[in-house]
Amino acid sequence: LHFHVISIFPEMITQASSHGVVGQAIQDGKVRLQTLNPRQFSHGVHQAVDDRPFGGGDGMVMTPEPLTESVALIKKQITDKNRKARVIYLSARGRPLTDVLVQELSKESDLILICGRYGGVDQRVLSQTDAQEISIGDYVLSGGELGALVIIDAVSRGVSGVLGNALSPVEESFRRGLLEHPQFTRPRSFQGLEVPAILLSGDHQKIKNWQRSLAILTTAENRPDLLGSSELSAEEVREALAVFQKMSQAERSACGLTSDSRAMTVLNEYLKAQTK
Ligand SMILES: C[S@@+](CC[C@H](N)C(=O)[O-])C[C@H]1O[C@@H](n2cnc3c(N)ncnc32)[C@H](O)[C@@H]1O
């Protein structure tokens, strides 16, 4: 997968993408990253890419020429007819970025990411480049670069070979409509909190079942809104409730199940709704 990022701060993208999983994926050639500064298409003396908004208002708006010319150049550079670029404008107004959308994007060959600055971009950039607006959350950032980096990071993880076998994305949060179960490593006892005994039992099937129940409980506690799309069976929910009831207060606390009854209430309601 090839990311093409259009930004007036290209170093933000290249520097932040040179670390960890993404940095390694770029080094290994599993993903490619190219940046393009739209200022190179600004014809003014000061290389301005913004202007005052028609209709008045505070702030400036990015002018259409440098951005559309940047997209056109990138598309021209993609000479392989089997590759088709999908254009994305990072935008607070956009479709929210979710795991489903991330998986969809990881199947593309080329993603052109337009990073806005100032008060945003001239609307005609979007119609001329057929850009899809994507938001990384319900808040306003100063620029699209952080959004582009979020897309590059999350989408790269879905590209074949990037994570290797050791870190299977299938087990991660959101993949099965659930959050991940709590994780533990050494030491067994840390500031009075013990690693749950079952994880030390060596019984792989029991551990797997327990982790599934804890994923259900964690989701019920932290993000009950996700349960609707998880297609849990009544049996799995009952099993999670039974696990919760057997846990001591200390175990619940070690597992991040801090509120006494939230997970239970949510799961009991889930069961009630299922039997209606
Ligand atoms: C200061 S913001 C412009 C906000 C715009 N006036 C509005 O109210 O929606 C500048 C740039 O940051 C980016 N941006 C801001 N919030 C974002 C978000 N939640 N997700 C993705 N990009 C965002 C966009 O590229 C935008 O052009």
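What follows draws every value from the coordinates through simple rules; no lab data is involved. What you see is a predicted model, and the numbers here were worked out from it, not measured in a lab. Please note: Cβ atoms are built from the backbone with ideal geometry, for glycine as well, and neighbour counts cover all protein chains shown.
Of the residues screened, Ser135 is not one that is surrounded by fewer than 17 Cβ atoms within 10 Å (Cβ to Cβ) and of a type outside the set (A, V, I, L, M, F, W, C). Residue count for region 78-98, restricted to those that are away from the ligand (no atom under 14 Å from the Cβ) and of a type outside the set (A, V, I, L, M): 7. Of all residues in region 34-52, those being of a type in the set (A, V, I, L, M, F, W, C) and surrounded by 18 or more Cβ atoms within 10 Å (Cβ to Cβ) number 3. When Leu105, Leu101, Leu111, Leu67 are screened for being touching a Pro at 6+ places or on another chain (Cβ under 6 Å) and under 21 Å from Leu149 (Cα atoms), only Leu67 passes.
Within region 132-143, residues that are closer than 7 Å to Gly94 by Cβ sit with their Cβ atoms under 9 Å from residues that are more than 6 Å from the ligand (Cβ to nearest atom) and part of a loop (DSSP other than H, G, I, E, B), at 6+ positions apart or across chains, in these pairs: Ile134/Leu97; Ser135/Leu97. Name the residues in region 82-98 that are part of a strand (DSSP E or B) and more than 19 Å from Glu69 (Cβ to Cβ), would you? Passing the criteria: Ser91, Ala92, Arg93, Gly94, Arg95, Pro96.
In region 237-254, the residues that are over 17 Å from Leu193 (Cα atoms) reach residues that are crowded, with 17+ Cβ neighbours inside 10 Å and among the aromatic types (Phe, Trp, Tyr) with C-beta atoms within less than 8 angstrom, at least six apart or across chains, in these pairs: Val237/Tyr270; Val243/Trp210. When every residue of region 214-231 is checked against the conditions, at least one turns out to be among the aliphatic types (A, V, I, L, M) and within 18 Å of the chain's Cα centre (by Cα).
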